[in-house]
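Step one of this worksheet: look at the structure below.
The values are calculated or read from the model by the stated rules, or taken from the named source; none is laboratory data. What you see is a predicted model, and the numbers here were worked out from it, not measured in a lab. No Cβ is skipped: glycine too gets one built from the backbone with ideal geometry, and neighbour counts run over all protein chains shown.
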Amino acid sequence: MFITLPILSALLLTTTLPALSDDFRQCLIKLEQAALKAGISTKTINAGLKEAHFLPEVIQLDRHQPEFQKTFAQYINSAVSASRLERGVILLKQHKTFLDKLRDKYGVPPQILVAFWGLESNFGNNLGEFIITDALVTLACDKRRSKFFTAELIAALQLMDIYGFKKDDMIGSWAGAIGQTQFLPSNYLKYAGAHDKKSTPDLWSNLYDALTSAAIFLSALGWKKNGEWGHEVYVPNTFNYLQSGLGHKKTLAGWQNLGIKAVLSNKIRGNDISASLILPGGHQNAAFLVYNNFHIIMKWNRSIFYALSIGYFADRLIGHKPLHKELKDEGLLAKIHIEALQKKLNGLGFTAGNADGLLGPATHKAITEFQHYKKIVADGYPSETVFKLLGIDRHLSPMPVINKRDSRTQTKEPQ
């Protein structure tokens with residue numbers, strides 16, 4: 001369902017539209033004025049905003065908070081599925097010559113670029129189904145993140161102005177991400193590049209433009225040539241898990257002194273390199289040392305699960321074995337149970353933040369402090385043991401509802 005909305009400015013159109021919200025009328029006028037102020041031509045404004053479609057579904061998707069959160073095991077097994085891995089290996093080999101040129105120029109390994117391509121759009125098979133100007137108008141006129149999406153709308157109009165893109169051809173996710181690498185319009189403006197340096201960069205239908213742009217973007221974000229993203233490690237039983245997490249950094253020599261060892265013996269080299277130890281699934285699951293390039297991946301998408309999936313997928317593409325430590329899956333984490341956990345922790349004096357049902361840094365920190373208080377392994381993970389100690393039965397929950405419109409964009413929040 002959508003509502004067709006001609007722009008009201010006297011400069012472009014003078015159509016009178018009754019039965020429209022005054023707030024929405026005013027928003028459309030402001031958006032047009034912002035576009036004019038940004039130097040966008042009236043022709044482009046007319047083409048992009050003359051008939052703005054308000055999309056209620058976009059608001060629903062933006063507001064949607066899944067009733068269940070995937071565990072690390074569920075997330076990475078889905079992201080790096082057998083079929084995706086098989087397809088990725090074929091494509092890596094097929095485009096090797098071009099990808100090697102990108103590596104030589106920008107320092108980004110071919111397998112990393114293919115991993116992003118695979119996770120962002122399933123190798124170009126899932127580009128989204130929304131006209132992004134309509135989606136961005138809808139989000140810009142919503143108060144929750146109006147400033148952010150107004151800027152992205154202006155960027156989308158600038159793309160139309162500069163490259164002559166037609167509104168109906170600018171298809172993407174509900175959040176405005178576009179192309180085979182799902183760039184936000186602002187990133188398209190800054191980092192998109194045509195692989196032949198002659199034509200207009202086309203991230204929708206030209207794969208080499210999309211891969212070139214991804215390499216340019218990662219290089220600009222600070223990707224270190226010949227640097228590792230991270231790797232799986234062994235953690236000794238005597239380890240103090242209070243030292244884990246992205247907020248704790250040590251040199252490799254420092255980690256080795258604590259008994260941390262790489263699963264692959266050739267992975268730890270350069271004693272002065274800074275790294276963090278992370279435990280995405282708690283101490284009973286795989287542990288990783290992560291380096292600077294891991295943080296670069298998180299600048300693309302701020303989810304730890306996503307960044308680990310990119311790195312792991314890239315490694316598997318070049319023949320690395322599956323994770324050494326078998327991933328234990330305690331089942332989906334229900335939002336109502338996480339809310340209950342947060343309320344319990346807050347009530348006990350462990351500050352978990354708002355009881356919103358989302359596992360953020362404050363909640364993980366509160367869990368860690370609670371675990372330390374209870375003299376159990378303090379890894380910050382909401383394990384079955386933690387729920388039991390708090391008196392919460394996490395098995396009493398409705399059947400999960402799977403959201404099939406999970407948009408992988410650079411706006412994602414960390415998990």
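Numbers below:
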| quantity | calculated |
| --- | --- |
| Residues of region 343-361 satisfying the condition of being under 24 Å from the mean Cα position of the chain (by Cα) and either modelled with pLDDT of 95 or more or over 19 Å from F72 (Cβ atoms) (or both) | A352, G353, N354, A355, D356 |
| Sole exception among (1) over 21 Å from the mean Cα position of the chain (by Cα); (2) assigned to a helix (DSSP H, G or I); (3) in contact (Cβ under 8 Å) with a residue 40 or more places away in the chain; (4) surrounded by fewer than 23 Cβ atoms within 10 Å (Cβ to Cβ) for D100, by number | (3) |
| Members of region 76-97 that are touching a residue at least 40 places away in the same chain (Cβ under 8 Å) and of a type outside the set (A, V, I, L, M, F, W, C) | N77, R84, G88, H95 |
| Residues that are at negative phi and modelled with pLDDT under 95, drawn from region 212-227 | G227 |
| Qualifying residues in region 104-122 (those that are out of contact with any helix residue (DSSP H, G or I) (no Cβ under 6 Å at 6 or more places or on another chain) and without any contact (Cβ under 8 Å) to a residue 40 or more places away in the chain) - the one nearest to N301 (Cα to Cα) | N122 |
| Residue among N206, N271, N257 that is surrounded by fewer than 21 Cβ atoms within 10 Å (Cβ to Cβ) and without any contact (Cβ under 8 Å) to a residue 12 or more places away in the chain | N257 |
| Those residues of region 60-89 which are modelled with pLDDT under 95, surrounded by fewer than 16 Cβ atoms within 10 Å (Cβ to Cβ) and more than 18 Å from the chain's Cα centre (by Cα), in sequence order | Q60 |
| Residue check, W223 buried (at least 24 other Cβ atoms within 10 Å of the Cβ) and touching a helix residue (DSSP H, G or I) at 6+ places or on another chain (Cβ under 7 Å) | no |
| Candidates H320, H324, H372, H395 - the one that is modelled with pLDDT under 90, surrounded by fewer than 20 Cβ atoms within 10 Å (Cβ to Cβ) and at negative phi | H395 |
| Unique residue being among the aliphatic types (A, V, I, L, M) and touching a strand residue (DSSP E or B) at 6+ places or on another chain (Cβ under 9 Å) when the list is L91, L55 | L55 |
| G39 among the small types (G, A, S), assigned to a loop (DSSP other than H, G, I, E, B) and modelled with pLDDT of 90 or more | yes |
| Residue list for region 66-97, restricted to those being in a helix (DSSP H, G or I) and touching a Leu at 6+ places or on another chain (Cβ under 8 Å) | F72, A73, Q74, I76, N77, A79, L85, G88, V89, L92 |
| Residues that are farther than 25 Å from F98 by Cβ and surrounded by fewer than 24 Cβ atoms within 10 Å (Cβ to Cβ), drawn from region 172-203 | S186 |
